[in-house]
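The values are calculated or read from the model by the stated rules, or taken from the named source; none is laboratory data. Please read these numbers as outputs of a predicted model, since none were measured by experiment. Positions of Cβ are generated from backbone atoms using ideal geometry, with glycine treated the same way; all protein chains shown enter the neighbour counts. Surface accessibility is based on the protein's heavy atoms, side chains included, excluding ligands, DNA and RNA. Shrake-Rupley method; radii C 1.70, N 1.55, O 1.52, S 1.80 Å.
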Amino acid sequence: MRSHSSVPGLRNSTGSLCDEQKERAGCRPVRLSPLPHRPLVSILISSYNHGRYLSDAIESVLQQTYSRLEVVICDDGSTDASLQILERYRLLDERIKLVRQANGGQSMALNAAFRESVGQIICLLDGDDVFLPDKVQLVVNAFTSEPASGLAVNRMRLVDEGRKYVGEIPALYDLPCGWRGASLSHTEPQTLLGLPPTSGLSLHRSVAQIIFPLPDGLKLASDKLILTLAPLMTPITALEAPLSEYRVHGSNNAGVTKFTEARLRDWVSYEREIWMAWRRYLASPFSGLPPDFPLPSAMAPSLMECALARFRSDRNFKAIYHAIPRTHLRTLHAPHRLFWRVSGILPHWLFCRSFAFVYGHTRLKMMARRILNRLRNGL
């Protein structure tokens, strides 16, 4: 077992790291197994009550221009017509594997699908999203041309429930690429700006085997954990063409239109699950950090905790906000930074509404995206 100081800083002369050594220390890329000429691609789909959208998702996979693939779908205890739809497709195409489980959340569903997969490349797809026809072929090409990269990310089309185009993801930033692990924080989990959600992520199996299984307590935000850990493990290859669609339909797990205390309590618990998984990875031999590297022993207060305090009308919210590391605030998207800078002076009702606009997919935000997209196309 490694022992870690609870407060990073100067260390004594007993063999621990000094500040200069700590600055030079950094994660190293994990070793990737070579890919065969035509690797098998496993597409993992987690689905809970996505019956209205499942046919679109599965058809988009079966119509891929790259055919050496398997589709592993885990139904997470759906109560709608999902199972009938999945059974029909399973009988139509032998590449489809169906896994059923009682409702346990997104991470448990992805874990179940990953256990049944055998592909050398893993593509993730939410049951309400779709892949564009060349997605898998271009992902295979990317991993083949960049053999040191274990994470491929692609731009996504943001669409409404009827798949009408709204904009692109990311909207404000370029996709990150290359090796970023050495520059990421070792004092708190950090997510690079510009990374897409679940259906824009593909992993080399060597990387996926370290990340999986995902924590069972992470009912949602599984992609947030992957986006936190994978750049610490491997260089990123970026595909600039939109290759998948993120559908906003009002009942998305992440793209909500209204936040409640209960939902924010869940997000605070998910942040803690991500923090613990992040720390476990950095403390493992895979990370490449020295055995006596001083990792934090406790999670710092977070913005979601501050938001929860605001929703509760807890007067302690300012103390929570001021205890959040300033380095974390500097890593936020520009609109998020602006929101939090002014959040302290917002009345309760305005904070709640503006929080939903910044972190959710409200109707007003979708309209703003459409206007911004039209302005960009005009320019």
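Counting only DSSP beta bridges with both residues in the chain, what percent are antiparallel, rounded to the nearest 5? List each step's numbers first, then the result.
Numbers: 13 of 41 bridges.
Approximately 30 percent, going by the DSSP bridge assignments.
For the chain, the per residue solvent-accessible surface stands at 46 Å², with DNA, RNA and ligands left out and a 1.4 Å probe. Extending 7 Å from the Cα toward the beta-carbon at both E261 and L193 defines two label points whose distance is 3.5 nm.
What the Cα convex hull of segment 291-349 gives, in volume per residue, is 98 Å³. Averaging Cα coordinates gives a centre for segment 332-353 and one for segment 192-242; these two points are 28 Å apart.
With loop membership from DSSP and a limit of 15 other Cβ atoms within 10 Å, the longest segment of the chain without GluC sites (Glu not before Pro) is 162-379. In this rough spin-label picture, where each label sits 7 Å from Cα along the Cβ direction, the L62-S183 distance is 4.4 nm.
For segment 174-267, which trypsin sites (Lys or Arg not before Pro) pass both filters: DSSP loop (anything but H, G, I, E, B) and at most 14 other C-beta atoms within 10 Å?
K258
Stokes-Einstein D for segment 83-226 at 25 °C, 0.890 mPa s, Kirkwood Rh over Cα pairs, in µm²/s? Answer from the Stokes-Einstein relation: 145 µm²/s. To put it simply, the accessible area of segment 241-326 at a 1.4 Å probe is 56 percent carbon and sulfur.
Every pair of different Cα atoms in segment 157-270 enters the Kirkwood calculation, which places the hydrodynamic radius at 15.7 Å.
Based solely on its DSSP helices, what 222 nm [θ] is calculated for the chain when runs of n ≥ 4 H residues each add -39,500 (n - 2.57) and the sum is averaged over all residues, nearest 500 deg cm²/dmol? Could the numbers behind the result be given before it?
Working: 14 runs with 148 residues, N = 379.
Per the formula, -11500 deg cm²/dmol.
Each 10 Å bin from zero up to the one holding the largest Cα-Cα distance in segment 50-98 carries the following percent of pairs: 25, 59, 15, 1. Dividing the convex hull volume of the alpha-carbon atoms in the chain by its residue count gives 149 Å³ per residue. With a Förster radius of 41 Å applied to the C-beta separation of V342 and R280, the computed FRET efficiency comes to 0.70.
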